[in-house]
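To start, the structure itself, in structure tokens.
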Amino acid sequence: MDPLTLRKALAERIGRAPPPPIRPASAIAAPVGSDDAADLIDGPPVPAAVLVPLVLGPVPGVLLTKRTAHLAQHAGQVSFPGGRIDPGDASPEAAALREAQEEIGLDPSQVELAGRLGEYVTGTGYAITPVLGLLPVGQGLESLALLPSPAEVDAVFELPMTVLLDPDAPQRRRVHFRGRWREFWVWPHPEHYIWGATAGILVQLATLLRGS
């Protein structure tokens, strides 16, 4: 999908109501309102936001990060830039942009906001709002001159749009979590294991872009 087609697809579809929950739900995350979200946590979730950056370079893709191994939560996992929504954040968009700047040095002025995907609840107690952002760079990810925080981010990489739009790419796995077996998505990548809430959000994005 070229950048022009991608922009058109987002303009046509992102304003619609969030798509219905996509099964299987993640073992540690599930779409808000789904049956799988009901027993993931015992109390009210903490509001959080992530930036889902679509890189509109010569080879479009989705920007992802790998968290460092020493973090208290989600250590070593693949994720989108983001975190909890602070009291000073005016909106989920503001929180996502702030976190992306803190984690990977992404200048908010380089991000064109393009709407939200459906919220996810995670087993670690967060309600995540995925915020779509377009990075209209001319030469690909390297032209952004990102500065990942060594305390939080081990690597920054892309999932190619061709992989994202392949309906056969994501695979299902099973794990026993909170008293029952649950299924979760895994996306193929030669170096990184993409699963959990991140994988579920990618499935939602791919379904939106394909229109099915």
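The values are calculated or read from the model by the stated rules, or taken from the named source; none is laboratory data. Nothing here was measured: the structure is a model prediction, and the numbers come from that model. Note: ideal-geometry Cβ built from the backbone for every residue, glycine included; neighbour counts use all protein chains shown. Calculation scope for accessible area: heavy atoms of the full protein, side chains included, ligands and nucleic acids excluded. Shrake-Rupley method; radii C 1.70, N 1.55, O 1.52, S 1.80 Å.
Remarks
- Residue-level analysis places Leu97 among those that are touching a strand residue (DSSP E or B) at 6+ places or on another chain (Cβ under 7 Å) and open to solvent by 10 Å² or more (accessible area, probe 1.4 Å).
- In the set (1) more than 16 Å from the chain's Cα centre (by Cα); (2) modelled with pLDDT under 80, His74 fails one condition alone, (1).
- Whichever residue in the range 130-140 is surrounded by fewer than 18 Cβ atoms within 10 Å (Cβ to Cβ) and in contact with a strand residue (DSSP E or B) (Cβ under 9 Å, 6 or more places away or on another chain) and, among such residues, is farthest from Asp107 (Cα to Cα): Gly140
- Lone unmet requirement of (1) open to solvent by less than 40 Å² (accessible area, probe 1.4 Å); (2) under 29 Å from Glu183 (Cα atoms); (3) in a loop (DSSP other than H, G, I, E, B) for Thr124: (1)
- Residues in the range 102-121 that are touching a Pro at 6+ places or on another chain (Cβ under 6 Å) and under 22 Å from Thr68 (Cβ atoms) were compared, and the one that is surrounded by the most Cβ atoms within 10 Å (Cβ to Cβ) is Glu103.
- Out of Glu183, Glu158, one residue alone is at pLDDT 90 or above, in a strand (DSSP E or B) and either among the charged types (D, E, K, R) or open to solvent by 80 Å² or more (accessible area, probe 1.4 Å) (or both). It is Glu158.
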